[in-house]
Amino acid sequence: MARFPVSEFKELPTPFYFYDLSLLDRTLAEIKRTARDPRFKVHYAIKANANPGILRRIQAAGLGVDAVSGGEISAALEAGFDGDKIVYAGVGKSDREITLGLEAGIQCFNVESLPELEVIDELAGQLGKVATVALRVNPNIDAHTHAYITTGLAENKFGINLEQLPAIVEKATSLENIRLEGLHFHIGSQITDNEPFVLLCETINGLLSEYAGKGYRFRTINVGGGLGIDYADPDRHPIPDFETYFNTFRNHLKLSEGQEVHFELGRSVVAQCGSLITRVLYVKEGVTKRFAIVDAGMTELIRPALYSAHHKIENLSSPNGERHHYDVVGPICESSDCFGKDELLPAIRRGDFLALRSAGAYGEIMASQYNCRPLPLSYFSEK
Ligand code: LLP
């Protein structure tokens with residue numbers, strides 16, 4: 001069980017995010033240990049969490065950044081990441097965002113369409129620069145994950161379809177202000193089964209040999225992110241199985257001399273180190289149900305409402321009480337503002353602190369001000 005300094009929480013205005021920086025550091029150390037291969041480069045997918053306190057640790061650990069907007073590029077630069085450690089993906093890059101990337105000298109634009117490639121060429125030309133690009137390929141692999149977070153299937157808006165790829169590769173090599181350096185893939189998120197990653201490697205091997213036959217060689221292969229975490233039992237698996245994950249690519253990808261593999265991990269880096277801490281406002285006895293009404297809602301953590309995700313709920317104030325069933329709900333005027341139905345939890349009283357676990361990824365960063373609520377604050381523990 002993670003240690004929460006509950007007595008200190010009494011002084012803080014709830015709800016808030018609480019980050020265990022020592023777990024973050026151990027996670028980063030494990031990434032470094034298991035990705036130890038001079039050909040492997042890990043970029044942190046900053047979309048998962050851009051809290052400056054978290055970013056500084058990730059920057060200090062030597063990871064790069066995977067950004068999907070100009071705002072994310074700026075957040076990474078402010079946190080101290082060098083421009084040449086930032087890769088930039090996204091289907092709708094605006095001219096202003098592309099220019100920001102070019103001026104920051106980012107490592108690579110992950111390009112998702114032909115018109116985008118042409119605009120980058122034009123803007124780079126105006127600035128007298130050459131943009132390094134990778135083409136994002138839609139590999140048509142089912143990642144067996146939630147429909148809203150699967151990205152590698154043919155019908156997605158993301159990436160370039162395999163049939164259209166040859167023409168775009170040819171175009172990219174002909175443009176004056178473009179240096180085509182790699183291929184980029186991302187098949188989805190919260191992938192807990194290794195098989196989709198093996199399939200991805202096989203697809204990539206096929207493509208690399210096909211293009212080698214045509215005289216094209218890609219220096220970088222970006223395999224995206226997607227490694228899942230244990231939401232059901234975060235204390236059993238506080239650190240994801242990076243060893244198996246990196247070994248899959250080490251064992252299955254057929255790389256040639258000088259080729260690099262880039263990874264874009266988000267959730268697996270930061271999810272387990274963060275919890276949303278909320279205070280119980282009321283325990284309401286219904287006819288057939290008992291509701292624990294808490295002061296956090298979908299405004300602070302939208303994943304349950306948006307993806308039917310479940311975050312483990314813990315009663316920090318009285319962990320050993322007799323257990324009862326509760327629907328744990330927030331104060332927002334939406335029925336989907338519910339963190340758990342029929343949760344079996346130690347008896348809950350007004351004023352108790354509850355933790356919504358595994359909320360370090362896609363939690364704070366997806367917070368909104370719906371119902372004119374303030375954005376949540378964050379606190380850190382190193383112990
Ligand atoms: N690379 C690309 C191109 C991506 O689109 C994503 C995530 C990642 C890397 C990082 O994936 P990760 O390692 O975190 O799985 N808000 C959703 C997740 C959306 C993921 C979007 N793309 C959630 O809360 O589950």
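Could you go through the range 58-72 and let me know if any residue there is away from the ligand (no atom under 16 Å from the Cβ), over 29 Å from D233 (Cβ atoms), assigned to a loop (DSSP other than H, G, I, E, B) and within 18 Å of the chain's Cα centre (by Cα).
yes
From (1) outside any helix (DSSP H, G or I); (2) crowded, with 20+ Cβ neighbours inside 10 Å, pick out the condition that doesn't hold for A76.
(1)
Check the range 205-221 and report whether any residue there is part of a loop (DSSP other than H, G, I, E, B) and under 27 Å from the mean Cα position of the chain (by Cα). I'd like the intermediate steps shown before the answer.
Applying the first criterion (part of a loop (DSSP other than H, G, I, E, B)) to the range 205-221 yields 214-219.
Okay, now just the ones that are also under 27 Å from the mean Cα position of the chain (by Cα), so 218-219.
Yes, the range 205-221 contains a residue that is part of a loop (DSSP other than H, G, I, E, B) and under 27 Å from the mean Cα position of the chain (by Cα).
Scan the range 1-43 for residues that are more than 30 Å from G297 (Cβ to Cβ) and in a loop (DSSP other than H, G, I, E, B) and report the count. Please lay out each step first, then the result.
Step one: of the range 1-43, the residues more than 30 Å from G297 (Cβ to Cβ) are 25-26, 28-43.
Checking the rest, the ones that are also in a loop (DSSP other than H, G, I, E, B) come to 35-39.
Here the count works out to 5.
Cβ-Cβ under 7 Å, sequence separation 6+ or interchain: first residue in the range 344-360 and touching a residue at least 60 places away in the same chain (Cβ under 8 Å), partner among the charged types (D, E, K, R). Which pairs?
Pairs found: G351/R279; F353/R279; L354/E314; A355/E314; R357/K312; R357/E314; S358/K312.
Could you list, in sequence order, the residues of the range 31-52 that are charged (D, E, K, R) and farther than 20 Å from F249 by Cβ? Can you show your working first?
Let us first name the residues in the range 31-52 that are charged (D, E, K, R), namely 32-33, 36-37, 39, 41, 47.
The one that is charged (D, E, K, R) and farther than 20 Å from F249 by Cβ: K47.
Is it the case that some residue within the range 242-264 is free of Cβ contacts under 8 Å to residues at least 40 places away in the same chain and part of a loop (DSSP other than H, G, I, E, B)?
yes
Among residues belonging to the range 346-379 that are part of a helix (DSSP H, G or I) and more than 19 Å from A271 (Cα to Cα), point out the one that is farthest from the ligand (Cβ to nearest atom).
To start, the set of residues in the range 346-379 that are part of a helix (DSSP H, G or I) comprises 364-366, 370-372.
This time we only want the ones that are more than 19 Å from A271 (Cα to Cα), so: 370-372.
Values: Y370: 17, N371: 21, C372: 24 Å.
Ranking the qualifying residues of the range 346-379, first place goes to C372.
Among the residues of the range 191-219, which ones are within 14 Å of the ligand (Cβ to nearest atom) and out of contact with any helix residue (DSSP H, G or I) (no Cβ under 6 Å at 6 or more places or on another chain)? Steps first, answer last, please.
We begin by selecting, within the range 191-219, every residue within 14 Å of the ligand (Cβ to nearest atom); these are 191-193, 196-197, 200.
Of everything in the range 191-219, those that are within 14 Å of the ligand (Cβ to nearest atom) and out of contact with any helix residue (DSSP H, G or I) (no Cβ under 6 Å at 6 or more places or on another chain) turn out to be I191, T192, D193, P196, L200.
Looking at the range 216-233, I want the residues that are over 20 Å from G64 (Cα atoms) and have a partner that is away from the ligand (no atom under 15 Å from the Cβ) with Cβ atoms under 6 Å, at least 6 apart or on another chain. Which pairs are those?
Hits for this filter: D230/H237.
Taking the range 253-297, which residues are among the aromatic types (F, W, Y) and either touching a Pro at 6+ places or on another chain (Cβ under 7 Å) or within 16 Å of the ligand (Cβ to nearest atom) (or both)?
Step one: filter the range 253-297 for residues among the aromatic types (F, W, Y), giving 263, 282, 291.
Within the range 253-297, F263 is the sole residue that qualifies.
Taking the condition of being more than 16 Å from Y326 (Cβ to Cβ) and in a loop (DSSP other than H, G, I, E, B), how many residues in the range 290-316 meet it?
Of all residues in the range 290-316, those more than 16 Å from Y326 (Cβ to Cβ) come to 298-303, 305-309.
With in a loop (DSSP other than H, G, I, E, B) added as a condition, the list becomes 298-302, 308-309.
Within the range 290-316, residues that are more than 16 Å from Y326 (Cβ to Cβ) and in a loop (DSSP other than H, G, I, E, B) number 7.
Take the residues of the range 171-187 that are more than 22 Å from the chain's Cα centre (by Cα) and under 23 Å from C201 (Cα atoms): which is surrounded by the most Cβ atoms within 10 Å (Cβ to Cβ)? Working first, answer last.
Pass one, the range 171-187, residues more than 22 Å from the chain's Cα centre (by Cα): 171-181.
Subset that is under 23 Å from C201 (Cα atoms): 180-181.
Details: L180: 23, E181: 20.
Within the range 171-187, the match that is surrounded by the most Cβ atoms within 10 Å (Cβ to Cβ) is L180.
Would you pick out the residues in the range 6-30 that are touching a Phe, Trp or Tyr at 6+ places or on another chain (Cβ under 9 Å), touching a residue at least 24 places away in the same chain (Cβ under 8 Å) and closer than 13 Å to Y379 by Cβ?
Matches in the range 6-30: V6, F9, L12, T14, F16, Y17, F18, Y19, D20, L21.
Read-outs throughout are calculated quantities, based only on the coordinates presented, and are distinct from any laboratory measurement. This structure is a prediction, so every number in the text was calculated from the model and none was measured. For neighbour counting, all protein chains shown are included, and Cβ atoms are generated from backbone atoms with ideal geometry for every residue, glycine included.
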